[in-house]
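Participant: Please find one structure pasted underneath; my questions will follow.
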Number of protein chains: 4
Amino acid sequence: MDQQRSAPRITAEEFQELAWQGVPFVRQLGWRLERFAAGDVAVRLPYSELLLRPGGTIWGPALMALADVALYGLVLSMIGRVEGAVTTNLSVHFLHRPAPADVLAEGRILRIGRRLAVGEVIMHTLDHPDPVCHVTRTYAIPPAQGSRGGLAGNGL
Amino acid sequence: MDQQRSAPRITAEEFQELAWQGVPFVRQLGWRLERFAAGDVAVRLPYSELLLRPGGTIWGPALMALADVALYGLVLSMIGRVEGAVTTNLSVHFLHRPAPADVLAEGRILRIGRRLAVGEVIMHTLDHPDPVCHVTRTYAIPPAQGSRGGLAGNGL
Amino acid sequence: MDQQRSAPRITAEEFQELAWQGVPFVRQLGWRLERFAAGDVAVRLPYSELLLRPGGTIWGPALMALADVALYGLVLSMIGRVEGAVTTNLSVHFLHRPAPADVLAEGRILRIGRRLAVGEVIMHTLDHPDPVCHVTRTYAIPPAQGSRGGLAGNGL
Amino acid sequence: MDQQRSAPRITAEEFQELAWQGVPFVRQLGWRLERFAAGDVAVRLPYSELLLRPGGTIWGPALMALADVALYGLVLSMIGRVEGAVTTNLSVHFLHRPAPADVLAEGRILRIGRRLAVGEVIMHTLDHPDPVCHVTRTYAIPPAQGSRGGLAGNGL
């Protein structure tokens with residue numbers, strides 16, 4: 001898919017700013033972009049004790065917030081700064097218990113249509129190749145990209 | 001299903017304490033139990049401006065945290081205080097944009113087996129009957145309920 | 001939701017005809033409509049030995065075909081004979097092993113929007129109240145209901 | 001994941017025989033294995049007019065039957081001829097409308113545990129790289145692999 005090799009339709013800096021403003025809580029997690037190309041995005045969640053659950057594993061909602069960021073970036077990398085794209089559907093499989101280490105979330109686009117986008121994210125901790133979490137997510141893209149005044153919708 | 005009419009295998013108070021300890025962040029949301037019977041749990045998320053997203057709707061991850069609480073309560077209401085039940089799979093549909101109002105999450109058990117439990121949650125805002133979010137979630141129940149030292153796993 | 005009490009936007013007979021023509025294979029299963037109101041559809045799959053799997057349970061794909069019929073009927077009961085509605089997403093949980101008996105699939109609409117419809121089906125065998133299968137399904141509804149020449153898309 | 005490079009725990013011929021016996025209907029589709037290694041399975045569905053839907057696209061349930069075969073093979077390639085592995089959960093995204101051409105389904109294992117296995121399949125038609133369908137599927141593996149007398153469960 002040649003279009004996936006091209007430049008993203010929003011810069012990494014613009015995306016980061018948008019995501020930080022949109023959801024301050026998620027910013028606190030300290031995530032950072034590792035790759036940001038059109039349809040190919042990787043986001044890293046640095047390990048911190050705040051993420052730790054009893055049992056020595058990483059807090060599940062933190063992984064889901066990480067998936068949010070990665071999938072949102074993935075979609076904007078393909079369609080640009082479209083206001084009002086909303087999540088319609090989200091499917092998560094928890095696969096292996098994450099060790100206390102940095103987590104890398106890597107996303108790819110499965111479909112970009114005029115009305116729906118579907119992306120997939122898979123995560124692993126940096127100390128082990130086994131995937132800890134797999135997420136697919138569908139976004140509805142608004143038909144005309146008007147001036148709705150900011151990020152809307154349920155997802156990030 | 002007669003067993004669903006019987007008393008829960010953990011009290012509402014015990015569950016609340018467990019959930020508050022387990023995930024302090026989610027406690028901040030101020031949720032409270034409206035019903036807590038075996039296999040029939042309702043949790044209310046009081047509206048606050050902190051939950052508001054640009055566009056006048058409620059922050060998606062807050063809805064998911066609410067679903068977490070409801071489904072976790074649902075499972076414990078059936079199996080008691082089992083340590084180490086982990087989420088394996090989660091499926092979410094966002095249905096209608098929630099208005100700025102209290103949200104009620106109502107859960108029911110679809111399956112309780114020895115090894116797997118499946119629950120369903122549906123949410124609506126108190127000002128409107130349309131569902132805003134539908135969640136199904138699968139838990140793996142540990143084979144022997146040993147002394148693993150606390151809540152483990154990815155989910156709440 | 002008052003609209004769900006009103007008459008369906010396609011008759012039971014029209015729907016049956018459409019579904020039979022569209023997928024002859026599924027017709028062979030011998031399903032029949034038990035209820036067909038707007039947003040409230042029940043379909044019955046009569047038991048036959050052809051449906052039996054080794055182990056004495058019902059063939060999984062037959063249950064999924066039954067879910068197909070019920071969800072397709074559910075959507076058409078709300079939007080009428082719209083050509084080109086396609087399934088975008090499907091989520092299935094197998095809950096209890098079905099006994100060799102008639103299966104009843106009951107569906108309800110979770111969302112009807114201009115562009116997306118979401119429905120839910122739950123099934124049980126007539127000899128037992130435990131649910132055997134739970135399905136959610138999302139349809140994309142074409143923006144203008146033009147003359148595309150017949151049932152399209154992946155689902156039924 | 002080194003174990004995925006090793007020999008499958010069931011041969012391609014044994015798997016094919018098992019799948020043909022288990023579900024004669026699916027055999028009629030004429031699928032064949034293209035690759036069968038441990039954790040890496042590809043299955044090809046030859047195009048035929050029988051698969052065609054009005055609108056010139058391939059019948060959705062045929063794609064799902066193809067996913068069934070690929071995921072079942074994937075799991076058996078890792079655990080061998082275990083009787084009684086049943087599908088607990090299935091998540092499908094239809095991505096692009098398939099053209100009338102052979103379809104290739106490629107699967108990979110996301111998780112093999114003692115009790116649960118999760119696999120992923122992605123399909124494309126041989127004339128185009130865009131994915132037409134993405135499926136994740138969870139299997140419950142029976143605790144002891146006794147003599148239950150044949151393939152059981154809902155899935156293939």
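Participant: Taking all protein chains together and a probe of 1.4 Å, list B:Asp68, A:Asp127 from the most accessible to the least accessible.
Facilitator: Sorted by accessible area, descending: A:Asp127, B:Asp68.
Participant: Okay, moving on. Return the long-range amide H neighbours of C:Val132 (sequence gap of 5 or more, or a different chain), with a cut-off of under 5 Å between placed amide H atoms.
Facilitator: Residues meeting the amide H criterion: C:His96, C:Met123, C:His124, C:Thr125.
Participant: Residue farthest toward the positive end of the dipole of segment A:51-133, with Cβ of Lys/Arg at +1 and Asp/Glu at -1: which of A:Val121, A:Ala67, A:Val86?
Facilitator: The residue sitting most towards the positive pole is A:Val86.
Participant: While we're on this one: How big is the Rg/Rh ratio for segment B:77-137, C-alpha atoms only, Rh by Kirkwood, two decimals?
Facilitator: Rounded to two decimals, Rg over Rh is 1.06.
Participant: So, for segment A:1-143, what is the accessible surface per residue at a probe of 1.4 Å, expressed in square angstrom?
Facilitator: Here the residues of segment A:1-143 average 37 Å² of exposed surface.
Participant: Continuing with the same structure: Compute the signed sum of charges (Lys and Arg +1, Asp and Glu -1) over the other residues within less than 12 Å, Cβ to Cβ, of B:Leu18.
Facilitator: Result for the neighbourhood of B:Leu18: -2.
Participant: Turning to a different aspect of this structure: Quote the FRET efficiency, to the nearest 0.05, computed for B:Glu17 versus A:Leu50 with a Förster distance R0 of 25 Å and r equal to the Cβ-Cβ distance.
Facilitator: It comes out at approximately 0.70.
Participant: Here is a follow-up. Around C:Val118, under 9 Å between beta carbons, what's the net of Lys plus Arg minus Asp minus Glu among the other residues?
Facilitator: Cβ neighbours under 9 Å give a net charge of +1.
Participant: If you build a Gaussian network model of chain A, linking Cα atoms that sit under 10 Å apart, which residue out of A:Tyr139, A:Tyr47, A:Tyr72 swings the most?
Facilitator: A:Tyr47
Participant: Further question: Can you list residues whose amide H is under 5 Å from D:Arg53's amide H, if they're 5+ apart or on another chain and H is modeled 1.01 Å from N?
Facilitator: Distant-sequence amide H within range of D:Arg53: D:Ile58, D:Trp59.
Participant: Give the carbon-plus-sulfur fraction of the accessible surface of segment C:52-93 in %, rounded to a whole number; probe 1.4 Å, heavy atoms of protein chains only.
Facilitator: Carbon and sulfur: 59 percent of the exposed surface of segment C:52-93.
Participant: Would you mind getting the Kirkwood hydrodynamic radius of segment B:7-136 from its Cα pairs, rounded to one decimal in Å?
Facilitator: Evaluated on segment B:7-136, it is 14.7 Å.
Participant: On average, how much area does the Cα convex hull of the protein assembly as shown cover when viewed from any direction, in nm²?
Facilitator: Average projection, Cα convex hull of the protein assembly as shown: 25.6 nm².
Participant: In whole angstrom, how far apart do the alpha carbon centroids of segment C:15-89 and segment B:29-96 sit?
Facilitator: That distance is 32 Å.
Participant: Within 10 Å of each Cβ in C:92-102, how many Cβ atoms from other chains are there, averaged over the peptide?
Facilitator: 5
Participant: What does the net charge come to around D:Ala62 if you take all other residues with beta carbon closer than 14 Å to its beta carbon, with K and R at +1 and D and E at -1?
Facilitator: 0
Participant: Here is a follow-up. How many nanometers, to one decimal and shortest first, lie between the label point of A:Arg81 and those of its other copies, if labels sit 7 Å from Cα toward Cβ?
Facilitator: 4.8, 5.2, 6.2
Participant: Per DSSP H run of n ≥ 4, the term is -39500 (n - 2.57); total these for chain A, divide by its residue number, and report the mean residue ellipticity at 222 nm rounded to 500 deg cm²/dmol.
Facilitator: Counting only the DSSP helices, I get -7000 deg cm²/dmol.
Participant: Quick one: with label points 7 Å out along Cα→Cβ, list the inter-copy distances for A:Leu126 in nm, shortest first?
Facilitator: Reported distances to equivalent positions: 4.4, 4.6, 6.2 nm.
Participant: Going 7 Å from Cα along the Cα-Cβ axis for the label, what nanometre distances separate A:Pro142 from the same residue across the other copies?
Facilitator: 2.6, 4.8, 5.5
Participant: Roughly what angle does helix C:60-79 make with the longest principal axis of chain C, taking Cα atoms, 0 to 90 degrees, to the nearest 10?
Facilitator: 30 degrees
Participant: Run the dipole for chain D about the Cα centre, Lys and Arg Cβ at +1, Asp and Glu Cβ at -1, nothing else charged, and hand back the magnitude in debye, nearest 20.
Facilitator: The dipole of chain D has a size of about 460 debye.
The values are calculated or read from the model by the stated rules, or taken from the named source; none is laboratory data. Keep in mind the model is a prediction, meaning the values are calculated, not measured. Methodologically, a virtual Cβ is constructed for each residue, glycine included, from the backbone with ideal geometry; neighbour enumeration extends over all protein chains shown. SASA here: full protein model, heavy atoms, side chains in, ligands and nucleic acids out. Shrake-Rupley method; radii C 1.70, N 1.55, O 1.52, S 1.80 Å.
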